[in-house]
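For reference, the structure is listed below as structure tokens.
The values are calculated or read from the model by the stated rules, or taken from the named source; none is laboratory data. Model, not experiment: these values are computed from the prediction. Positions of Cβ are generated from backbone atoms using ideal geometry, with glycine treated the same way; all protein chains shown enter the neighbour counts. Surface areas here come from the heavy atoms of the whole protein model, side chains and all, with no ligands, DNA or RNA. Shrake-Rupley method; radii C 1.70, N 1.55, O 1.52, S 1.80 Å.
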Amino acid sequence: MRLLGIETSCDETAAAIVERDAAGRGTILSNIVRSQFSEHAPYGGVVPELAARAHVSHLDHIIARASAAAGVPLGDLDGIAATAGPGLIGGVLVGLTTAKALAAALHKPLIAVNHLEAHALTARLTHELQFPYLLLLVSGGHSQFVLVRGVGDYHRWGSTIDDALGEAFDKVAKLLDLGAPGGPEVERQAALGDSRRFAFPRPLLKEDRLDFSFSGLKTAVRLAAQQIAPLTPGDVADICASFQLAVTDIVTSRSRSALERFRAELPGIPPVLVVAGGVAANQAISNGLSTLAADSGARLVVPPIPLCTDNGAMVAWAGAERLALGDTDGFDIAAKARWPLDSADMGRHHGR
Ligand code: KG4
Ligand code: ZN
């Protein structure tokens with residue numbers, strides 16, 4: 001089966017066509033992403049109203065490009081999938097309404113995809129991977145551990161109690177006057193700096209839970225920067241390196257605990273840690289997780305970076321996984337700003 005996937009929940013306008021064969025293997029036929037980076041740059045963050053307008057202006061063209069690049073006319077598709085939440089509601093409405101219109105006009109099934117589910121299932125598109133596995137989702141809006149037991153069968157083991165990890169990178173970048181998006185800028189600076197110069201806190205690390213907290217760390221970074229202002233380029237690099245080391249320690253130590261819980265609750269099942277979301281692009285963090293996986297005998301799966309950040313292929317793939325189970329949605333399905341992965345309607349239709 002071949003599906004179109006539409007992603008408009010934040011500041012990427014994206015469409016892709018993905019094929020899923022009878023054995024459950026996926027192939028990306030096209031994957032077009034248009035970042036709205038330049039529209040939002042003057043404001044230092046994503047402006048929801050501008051994002052929605054830009055999605056309206058560009059989505060039709062992006063879908064046409066995805067169809068042309070794949071060599072698949074829209075009429076030949078087996079289903080239309082779009083992110084229906086969670087995300088900035090204006091943008092989600094643009095993508096979901098477009099998907100409904102296409103599905104109605106072409107008489108194709110509609111699949112309303114949870115954006116977090118799309119991140120969670122991407123590793124099955126790129127790797128040979130069976131359920132269950134442990135997901136570490138670290139993006140601009142989310143930081144959580146999820147036990148993925150099957151399509152629609154998700155158990156959240158821990159989340160951030162304040163900022164998401166990507167958000168912490170973005171805020172640190174902003175307070176150091178680095179450009180946006182902040183994560184890659186902080187990583188670039190960190191490579192030039194001394195990670196031992198500042199001893200930033202590792203919040204919650206001593207507590208026996210799988211939650212994250214990053215806002216205290218961000219405040220510590222701000223105070224350190226204020227104390228030594230004006231900052232030289234060397235200071236900026238040292239702050240970034242010390243911040244990145246702190247978050248790498250936090251993420252690897254939490255992941256170690258999560259893998260221990262996996263072994264305890266799922267004895268006999270080889271532990272697999274899947275990393276998803278934009279922060280998976282960070283080399284220091286993924287190196288920390290590789291070392292952890294090697295030390296603890298777990299398999300680590302990190303999809304290629306362009307598939308870790310927001311894209312249409314992950315939405316098309318999640319739609320295909322749902323459609324393969326006979327799971328489709330009616331045209332009355334609503335866009336949702338909030339839609340936790342473990343909410344009751346995630347197991348909809350196929351009786352979980
Ligand atoms: O998954 P994503 O594309 O969008 C959301 O759904 O949030 O993630 C974007 C986030 C941003 O906060 C960005 O700064 C962060 O991922 N990010 C990084 C890196 N690349 C992107 N954070 C740290 N290091 C990176 N190399
Ligand atoms: Zn995302």
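Below are the figures for this structure:
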{"quantity": "Contact order relative to length of the chain, as percent, for alpha carbon pairs under 8 angstrom and 6 or more apart", "calculated": "24 percent"}
{"quantity": "Heavy-atom accessible area ranking, 1.4 Å probe, most first, across R149, R20", "calculated": "R149, R20"}
{"quantity": "For region 204-288, the spread of Cα positions along each principal axis, largest first, Å", "calculated": "55, 26, 16"}
{"quantity": "Residue among V33, V279, V138 with the largest mean-square fluctuation in a Gaussian network model of the chain, springs linking Cα atoms under 10 Å", "calculated": "V33"}
{"quantity": "Surface accessible to a 1.4 Å probe, M314 within the full protein complex, Å²", "calculated": "0 Å²"}
{"quantity": "Positive-pole candidate from I62, P109, I89, dipole of region 1-120, charges at beta carbon", "calculated": "P109"}
{"quantity": "Accessible area in the full protein assembly, largest first, 1.4 Å probe, for E187, E265", "calculated": "E265, E187"}
{"quantity": "Alpha carbon convex hull of region 1-64, volume per residue in cubic angstrom", "calculated": "81 Å³"}
{"quantity": "Per residue Cα convex hull volume in Å³ - calculated over region 274-341", "calculated": "129 Å³"}
{"quantity": "Region 8-92, relative contact order [Cα under 8 Å, separation at least 6], %", "calculated": "40 percent"}
{"quantity": "Cβ-placed point charges (K, R +1; D, E -1), dipole of the chain about Cα centre in debye, nearest 20", "calculated": "360 debye"}
{"quantity": "Three-way shape call for region 25-163 based on the alpha-carbon gyration tensor, with the a/c threshold at 1.5", "calculated": "oblate"}
{"quantity": "Three-way shape call for region 229-352 based on the alpha-carbon gyration tensor, with the a/c threshold at 1.5", "calculated": "oblate"}
{"quantity": "Estimated Rh, region 163-222: Kirkwood, alpha-carbon pairs, angstrom", "calculated": "12.3 Å"}
{"quantity": "Viscosity 0.692 mPa s, temperature 37 °C, Stokes-Einstein D of the chain from Kirkwood C-alpha radius, µm²/s", "calculated": "159 µm²/s"}
{"quantity": "By accessible area with a 1.4 Å probe, ligands and nucleic acids excluded, highest first: order of I161, I28, I285", "calculated": "I161, I28, I285"}
{"quantity": "Heavy atoms of R156 accessible to a 1.4 Å probe, total area in Å² rounded to 10", "calculated": "100 Å²"}
{"quantity": "Cα gyration tensor category, rounded, prolate or oblate, for region 229-277 with a/c compared to 1.5", "calculated": "prolate"}
{"quantity": "Helix-only mean residue ellipticity at 222 nm for the chain, each DSSP H run of n ≥ 4 adding -39500 (n - 2.57), per residue, nearest 500", "calculated": "-14000 deg cm²/dmol"}
{"quantity": "R0 of 41 Å, Cβ-Cβ distance F331-R263: FRET efficiency to nearest 0.05", "calculated": "0.40"}
{"quantity": "Relative contact order [Cα under 8 Å, 6+ residues apart], region 126-227, whole percent", "calculated": "24 percent"}
{"quantity": "Area of S255 that stays accessible when all protein chains are in place (1.4 Å probe, Å², to 10)", "calculated": "0 Å²"}
